[in-house]
Amino acid sequence: MMAALAWTKLQSVHRYFGHNNLLKACFRYSQKHEDLCILSKCNNRIIQPVNVFYTRRSTVRYGAGTIDSRNYSTSASRKRQLVLGIETSCDDTGASVVDDQGVVLGEALNTQQKVHLMHGGIIPPVACRLHAENIEEVVNTSLKRSGVSLEEIDAVAVTVKPGLPLSLSVGTEYGKQLALNARKPFIPIHHMEAHALTVRMVEQIEFPFLVLLVSGGHSLLVLAHSVDRWSIIGQSIDDAPGEALDKGARRLKLRNIPECSSMSGGQAIEHLAKEGNPRAYDFPTPMWKYRDCTFSFAGLKHALLKLITKLEEEFEVEGGNIIPPIRDVCASYQYAITKHLVRQTQRAMVYNDIRGLLPKENLKLVLSGGVACNNYIRSALQKLCETTGYQLLCPPPKLCTDNGIMIAWNGMERWKAQSGVIYDEEAIKDINIQAKCPIGVDLTEDVRSLGIKIQKWVKFR
Ligand code: KG4
Ligand code: ZN
């Protein structure tokens, strides 16, 4: 009943006020009704009911709503395709069932963030043990919430690369066994590909498009040509931005600030930076000598560590105490990281233009990965896109950090394209995890060979 009423309202919002306002209305609705949060995607004219998915706010971030989402199936005549996705590449154990229209039937997520915050970083054997302890319950809960049995699933998709080997092994071995026992096809998933494709679940976006993937383990500028064809335009030669934020936050002892105690490093820095001056401290510009799209965050991290030591001496700060200009330091560090991301993305856009890699009338930049939750980074990239004629697209923050939904959706994309689906039992048994694995062909040398000089850097505040 509640869903039917909401649905009628949403249709009229969409008809009269357009897509963006519809999304805003959805979020407002979700704030009013704590138990039910609706996200939507639509084509330009009419929203398909099947494209609405329900998420419940509870200990797990997503789950089927109180109303059976199967009521919204496309038509009785066509069998709906379903993929079960499993994620264990780092410190989140996630599982979800997604259908071919992007409806999330159910999801479960067990995040290890608090444990790792206590240890001051991820300890791989600890992460592995926690995955092993939780995976069965997470998968069963996601199936239960979806209201479907394993028999009704068409394929099992699992993150097998890249990531922490011990963590990847838990999901991969569990998923393989599940697929073999239930006689289902297995779809091996590349974690970064999943981050990059998530947006296609909630937005109408066709290939090709440019993607900036920023997480705790990666910093990548890639071109998405199709579900299984990617080109790397630039990537980090050392730390990832999330890593630089997490290590910086640890050294700044942000966990000792009560309001930040349960936040990830990136979240805590964004939170404190809101009231700081981004120009208070200068940081070096990484990679300024090289006219390519390569990232490097280690230099910024070391500059921050030096600055903290200097400020601790200056303010005579000892033990677990915090330096007084903490907000200015966070704002300046966040600004330096953002500037590097914006500049390399700007050069990637010029490269695409020179090589004619994207259709000029339909330029799109997708921002994804855990660091894409950061609103300051989002708005700086929005400014870049406004200046360069691109449209910026980001998945909702809860789909930017690791989760099972993105793996299930990537599985569904591959299932629909019948690309990388493994049917043979022996071939499933032979699947191995890969700690490192490039997402596609590396074009870094080609970018560098052009020596692209930027006439005017896009400015943001
Ligand atoms: O994608 P993700 O969940 O896991 C990896 O695949 O690495 O990304 C986690 C990273 C962490 O480094 C965390 O500090 C960062 O995303 N992160 C943020 C924010 N929320 C999470 N970074 C900046 N601002 C945020 N609001
Ligand atoms: Zn990730």
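The values are calculated or read from the model by the stated rules, or taken from the named source; none is laboratory data. Only a predicted model underlies this, so the values are computations on that prediction, with no experimental measurement involved. Heads up, the Cβs are rebuilt from the backbone with ideal geometry, glycines too, and the neighbour counts pull from every protein chain shown.
Things worth noting here:
- Counted residues, the stretch 304-322 - those being over 17 Å from Asp282 (Cβ atoms) and either in contact with a Ser or Thr (Cβ under 7 Å, 6 or more places away or on another chain) or surrounded by 12 or more Cβ atoms within 10 Å (Cβ to Cβ) (or both): 5
- Filter result (within 14 Å of ligand 1 (Cβ to nearest atom), closer than 15 Å to Thr172 by Cα and surrounded by 19 or more Cβ atoms within 10 Å (Cβ to Cβ)) within the stretch 404-440: Gly404, Ile407
- Of the numbered criteria (1) at negative phi; (2) in contact with a Pro (Cβ under 9 Å, 6 or more places away or on another chain), the one Gly420 fails is (1).
- Test: residue in the stretch 422-434 that is under 17 Å from Leu213 (Cβ atoms) and not polar (S, T, N, Q): no
- Within the set Ser296, Ser262, the sole residue that is over 23 Å from Lys459 (Cβ atoms) and surrounded by fewer than 23 Cβ atoms within 10 Å (Cβ to Cβ) turns out to be Ser262.
- Members of the stretch 388-403 found to be assigned to a loop (DSSP other than H, G, I, E, B) and either surrounded by fewer than 24 Cβ atoms within 10 Å (Cβ to Cβ) or not polar (S, T, N, Q) (or both), listed by number: Gly389, Tyr390, Cys394, Pro395, Pro396, Asp402
- Some residue of the stretch 374-382 being at pLDDT 95 or above, part of a helix (DSSP H, G or I) and away from ligand 1 (no atom under 14 Å from the Cβ): yes
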